[in-house]
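A short reminder: the numbers here are calculations on the coordinates, not readings from a lab. Quick caveat: nothing in here was measured; it's all calculated off a predicted structure. Heads up, the Cβs are rebuilt from the backbone with ideal geometry, glycines too, and the neighbour counts pull from every protein chain shown.
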Amino acid sequence: MNRNGLENMMSVDWEDWYQTESFRRLYPVHTWGNLAGRLPETTPRVLDALSAGECKATFFVVGYNAKRYPHLLKDIVRKGHEVGLHGYDHTSVFKQDSKTFSKELIYCRKMIEDITGKEVTGFRAPNWSITPAVFWALDILKEQGIRYVSGMDQQLFLRYEFCLNPELIQFPRNSLKAGPLVVPFGGGFFLRAYPYPLTKLLVERVNRQKQRVLCYIHPWELDENTPCKGMTQFWRIVTTFNLKKMKKNITRFLNDFNFVPIGDVIKSV
Ligand SMILES: [Zn+2]
């Protein structure tokens, strides 16, 4: 392995194929129990890929999945990974009111802590959905004992940094500004869509400035057979583009860079 010295952060949004935004309309939450979940198949693939790269990650857990697959959640923790929260049913925060958000947060945190025996201190907003209209969510997260949040794109974070709750540590999604364009990188669709050397170049550039990169992947991205029937053309492209290359890209990524769970970075601050 030929790794750069700075530690970047690796995360997994632990969600199943039917919980993505692309299937929101076709499969509302009340239908989920009738759908064949693929997490029992895809979770071990993620764990194996991380083990092969000698990498520990933060798994942001959709509460519904903790309830449906507590044994898989225990496997994740047994392998030494950190767990954080990712909503109960992957609803974007800007679609929720403060009461529902708070109720689900308390419920999921207790459930996940009871299953894993580990304290949960991190939260990732589904679909990076913390916008100025729902900055109240940050205060609720702090009140409920959450220490760090991964909730918005970096450019939005930089614009509003001054008015966010200073007691919460923020880990926004990486992006670079290129003229009028915001270019996200290092995770999900972008890790699949960009040629790997471009991802490598961008991460090296950020690391040279002594900044860490936050990577994120999804279990369904290691599943070439992930269902896409019924999706709009747009979502079909976003969801399935270069799925065949994802395993290879992750392997190279883990080989080229050092990654740790987000919680480890907080401990070292
Ligand atoms: Zn998600």
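Results, tabulated for the structure shown:
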| item | result |
| --- | --- |
| Scan of the range 124-148 for residues that are more than 14 Å from residue 106 (Cα to Cα), among the β-branched types (Val, Ile, Thr), more than 14 Å from the ligand (Cβ to nearest atom) and within 18 Å of the chain's Cα centre (by Cα), ordered by number | 131 |
| For residue 233: the one exception among (1) surrounded by fewer than 19 Cβ atoms within 10 Å (Cβ to Cβ); (2) within 21 Å of the chain's Cα centre (by Cα) | (2) |
| Residue match in the range 185-203 (condition: more than 22 Å from residue 7 (Cα to Cα), touching a residue at least 12 places away in the same chain (Cβ under 8 Å), polar (S, T, N, Q) and surrounded by 19 or more Cβ atoms within 10 Å (Cβ to Cβ)) | no |
| Selection from the range 10-48 of residues that are in contact (Cβ under 8 Å) with a residue 60 or more places away in the chain, away from the ligand (no atom under 16 Å from the Cβ) and within 27 Å of residue 212 (Cα to Cα) | 45 |
| Qualifying residue in the range 236-250 (condition: exposed (fewer than 14 other Cβ atoms within 10 Å of the Cβ) and touching a Lys or Arg at 6+ places or on another chain (Cβ under 7 Å)) | yes |
| The range 150-162 - residue that is in a helix (DSSP H, G or I) and in contact with a strand residue (DSSP E or B) (Cβ under 8 Å, 6 or more places away or on another chain) and, of those, farthest from the ligand (Cβ to nearest atom) | 161 |
| Residue in the range 133-149 that is closer than 17 Å to residue 14 by Cα, aliphatic (A, V, I, L, M) and not in a loop (DSSP other than H, G, I, E, B) present | yes |
